[in-house]
Each structure stands twice: as structure tokens, then as C-alpha cells.
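A.B. asks: Structure provided below as C-alpha cells; questions to follow.
The values are calculated or read from the model by the stated rules, or taken from the named source; none is laboratory data. Since the model is a prediction, treat every value here as computed from it, not as a measurement. Glycine gets a Cβ as well: all are built from the backbone with ideal geometry, and neighbour counts include every protein chain shown. All accessible areas refer to the heavy atoms of the entire protein, side chains included, with ligands and DNA or RNA removed. Shrake-Rupley method; radii C 1.70, N 1.55, O 1.52, S 1.80 Å.
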Amino acid sequence: MLEADRQEPPMEVIITNSHQASGHLVADLVCEALASRACPALGLATGSSPLPAYAELIRRHEQEGLSFANAAAFLLDEYLGLPGGHPQLYRSFIQEQFTNRVDLDEGNLFSPDPTASDIPTTCAQYEQQIQEVVGIDLLILGIGSDGHIAFNEPSSSLASRTRIKTLTQATRQDNARFFSDDLDAVPKHVITMGIGTILDARHLVMIVTGKAKANCLAQAVEGPITAMVPASALQLHPRVTVIADEAAASKLKLSDYYKQVYAGKPRLARHR
Ligand code: GLP
């Protein structure tokens with residue numbers, strides 16, 4: 001193995017055989033980020049893919065004393081138009097699934113404010129809040145089946161910042177499962193971190209599960225960088241870890257190579 005491979009794979013792809021294993025890997029990376037400076041900042045995705053990781057972090061908090069007391073967390077995106085307290089508001093979702101179950105201070109959980117009367121100003125303030133904590137150390141991402149990250153739909157500028165976006169019909173249909181399969185209940189608009197905002201984070205960790213994500217993952221990792229596949233912008237970032245299950249990885253041309261690289265990594269340097 002080349003020394004360069006050991007130290008800084010530009011995009012590391014780790015293929016796991018269980019959601020539990022992927023949860024452990026992500027939790028290890030989050031622990032590393034939490035230990036990296038006095039007041040670390042995390043970026044948190046919603047959706048189902050990160051849930052095993054959040055469950056493992058809650059377990060480590062409860063059983064091993066892992067603390068988020070000095071940390072800040074930033075949500076990637078938020079729906080517009082849902083009534084306050086709606087369980088599918090991403091802020092409610094992440095509180096219920098993760099942050100209320102660890103010792104993260106609620107005042108340090110940041111999310112775009114969907115009730116703001118002036119959306120462009122609230123988006124600019126969100127960018128400012130990220131800058132005030134000196135940037136995000138580790139940002140957890142999922143991927144939409146159309147290749148979106150956060151809610152940056154295909155055709156989003158690769159340099160975009162936090163802003164309002166209109167969801168595609170495909171994304172609304174995908175997310176209708178969280179709204180009792182009622183497509184009309186899924187908001188049409190959202191506020192999302194931009195792709196440029198995401199690329200500013202120091203470490204990006206994308207979790208990808210299931211066969212339905214196989215095509216978009218292959219396009220994102222091995223296809224050309226294009227606004228039509230927003231996740232392909234991750235190829236521009238110097239430190240990305242993709243954690244995929246076998247089904248999601250099934251269309252990667254170089255999957256054997258990624259496995260070989262990871263297997264050959266010195267144990268202490270795994271996913272570093
Ligand atoms: C939503 C979120 C994304 C998430 C995606 C995939 O669209 N805005 O951040 O990555 O869903 O969700 P899941 O992990 O449930 O497939």
C-alpha cells in the first residue's frame with residue numbers, strides 16, 4: 001500500500017454488512033470530531049440512514065459517558081410550511097431521535113427557522129452562526145435517491161449557500177412515507193444548507209443504505225462532478241468518508257478496491 005493511501009484517502013468508501021456496523025463506524029468518527037477541539041461542531045442529517053449512528057451515540061452517552069456538553073450541532077435542512085410542533089419538522093425529529101437523549105444543550109442545537117418572516121435574512125444568519133463556531137468539524141449526510149444532499153436537488157449550484165429550495169416531485173414522493181404516505185402533506189419548500197456550505201465542513205461522512213440508493217451512490221462517487229447529481233460535489237472535498245451497505249454499494253465499479261484499501265489500513269488509522 002502506498003503511504004498516501006494510508007494517510008489521506010480523498011474519498012474513503014467503507015462497505016459494511018450491517019447497519020449496526022455502520023452505526024459504530026460513524027460513532028467512532030463523531031467521537032474523534034468531539035475530541036478534536038474544545039467546542040466542536042457537528043452537522044446532523046435527518047432521514048432514516050443516520051438512525052443507527054444516533055442510536056449508537058446515545059448508547060455511548062448512557063453507558064460510556066460520551067458527552068456533547070461542549071458541542072454545537074447544526075441541522076442540514078428544514079421543511080417550510082409545517083405547523084409549529086409538527087413531528088416531521090426536522091428539528092423535532094432530531095430532538096426526538098438524538099439530541100434530547102444526550103447532553104447537548106438545546107441552545108446549541110441550531111436549525112434554519114422556518115417561521116421567519118424574512119427567509120433570505122434567516123438563511124444568511126444561519127451561515128453566520130456556522131462561522132461563529134469556526135465551522136463544522138464533522139457533517140453527517142444521507143443521500144436522496146435523485147442524488148440530493150441535504151435538500152440540494154439536482155441542478156443546485158455546487159457553490160450554493162443556505163437558501164430556500166423547491167422539492168422535486170420525486171423527493172416529495174420518497175418522503176411521503178414520513179407523512180403517512182400522504183403526498184399532499186409533504187411540504188413543497190424547504191430551507192437547506194447549500195452545497196458550498198456543506199463543502200466547508202472539515203470532514204463529511206455520508207451514510208448510504210439499501211438497493212434503492214445504489215445508482216445514485218455510483219453516480220456520486222464514480223461519475224462526473226455535476227449539478228445534476230449534487231452528491232458528486234463530495235469529490236471536490238479533501239476528506240470524505242462514505243459508509244455504504246452491500247446493497248447500496250452493489251453498483252460501485254471499484255467496490256473490491258475500496259474493500260482492499262480499508263482492509264489494508266493500519267487498525268489505529270481506520271477511517272482516518
Ligand atoms: C431527506 C433529507 C436528506 C436525507 C434524505 C435521505 O431528503 N433532507 O438529508 O439524506 O432524505 O433520507 P433517508 O436516509 O431516509 O433515505
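A.B. asks: Return the residue satisfying two criteria in turn: it lies in region 33-54 and is open to solvent by 50 Å² or more (accessible area, probe 1.4 Å) and away from the ligand (no atom under 16 Å from the Cβ), and of such residues it is nearest to residue 188 (Cα to Cα).
C.D. replies: This residue is 39.
A.B. asks: A further question on this structure: Quick one: would you say residue 66 is of a type outside the set (Lys, Arg) and crowded, with 21+ Cβ neighbours inside 10 Å?
C.D. replies: Judged against the criteria, residue 66 is not a match.
A.B. asks: Still on this structure: Touching a residue at least 40 places away in the same chain (Cβ under 8 Å) and either part of a loop (DSSP other than H, G, I, E, B) or open to solvent by less than 20 Å² (accessible area, probe 1.4 Å) (or both): does that describe residue 57?
C.D. replies: Yes; evaluated as a whole, the condition is true for this residue.
A.B. asks: Could you check how many residues of region 75-118 are part of a helix (DSSP H, G or I) and closer than 21 Å to residue 200 by Cβ?
C.D. replies: 3
A.B. asks: So, restricting to helices (runs of 4 or more DSSP H) that lie completely within region 183-272, which ones have at least 3 residues that are within 16 Å of the ligand (Cβ to nearest atom)?
C.D. replies: Details: elements: 195-199, 214-222, 255-263.
The qualifying helices (runs of 4 or more DSSP H) are 195-199, 214-222.
A.B. asks: Quick one: which residue in 269, 233, 249 is among the hydrophobic types (A, V, I, L, M, F, W, C), at pLDDT below 95 and either open to solvent by 10 Å² or more (accessible area, probe 1.4 Å) or under 20 Å from the mean Cα position of the chain (by Cα) (or both)?
C.D. replies: Going through 269, 233, 249 in turn, the sole match is 269.
Conditions (1) without any contact (Cβ under 8 Å) to a residue 40 or more places away in the chain; (2) touching a strand residue (DSSP E or B) at 6+ places or on another chain (Cβ under 8 Å), marked per residue:
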{"site": "168", "(1), (2)": "yes, no"}
{"site": "174", "(1), (2)": "yes, no"}
{"site": "178", "(1), (2)": "no, no"}
{"site": "187", "(1), (2)": "no, yes"}
{"site": "193", "(1), (2)": "no, yes"}
{"site": "198", "(1), (2)": "no, yes"}
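This table checks each residue for (1) over 22 Å from residue 88 (Cα atoms); (2) not basic (Lys, Arg).
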{"site": "153", "(1), (2)": "no, yes"}
{"site": "160", "(1), (2)": "yes, yes"}
{"site": "168", "(1), (2)": "no, yes"}
{"site": "176", "(1), (2)": "no, yes"}
{"site": "191", "(1), (2)": "no, yes"}
{"site": "219", "(1), (2)": "yes, yes"}
{"site": "226", "(1), (2)": "yes, yes"}
{"site": "231", "(1), (2)": "yes, yes"}
{"site": "239", "(1), (2)": "yes, no"}
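A.B. asks: Identify, by number, the condition in (1) open to solvent by less than 30 Å² (accessible area, probe 1.4 Å); (2) polar (S, T, N, Q); (3) within 16 Å of the ligand (Cβ to nearest atom) that residue 122 doesn't meet.
C.D. replies: (3)
A.B. asks: Another question, then. When you scan region 172-182, how many residues do you find that are within 12 Å of the ligand (Cβ to nearest atom) and either open to solvent by 10 Å² or more (accessible area, probe 1.4 Å) or not small (Gly, Ala, Ser) (or both)?
C.D. replies: Looking only at that region, the number is 6.
A.B. asks: Tell me which of these residue 185 doesn't satisfy, since it passes every other one: (1) open to solvent by 20 Å² or more (accessible area, probe 1.4 Å); (2) more than 26 Å from residue 89 (Cβ to Cβ); (3) not β-branched (Val, Ile, Thr).
C.D. replies: Only one criterion in (1) open to solvent by 20 Å² or more (accessible area, probe 1.4 Å); (2) more than 26 Å from residue 89 (Cβ to Cβ); (3) not β-branched (Val, Ile, Thr) is unmet by residue 185, namely (2).
A.B. asks: A follow-up question, please. Whether any residue in region 160-167 is part of a loop (DSSP other than H, G, I, E, B), away from the ligand (no atom under 16 Å from the Cβ) and farther than 21 Å from residue 49 by Cβ is what I want to check.
C.D. replies: Yes: one or more hits.
A.B. asks: Could you say whether any residue in region 135-148 is assigned to a loop (DSSP other than H, G, I, E, B) and among the charged types (D, E, K, R)?
C.D. replies: Yes, region 135-148 contains at least one residue that is assigned to a loop (DSSP other than H, G, I, E, B) and among the charged types (D, E, K, R).
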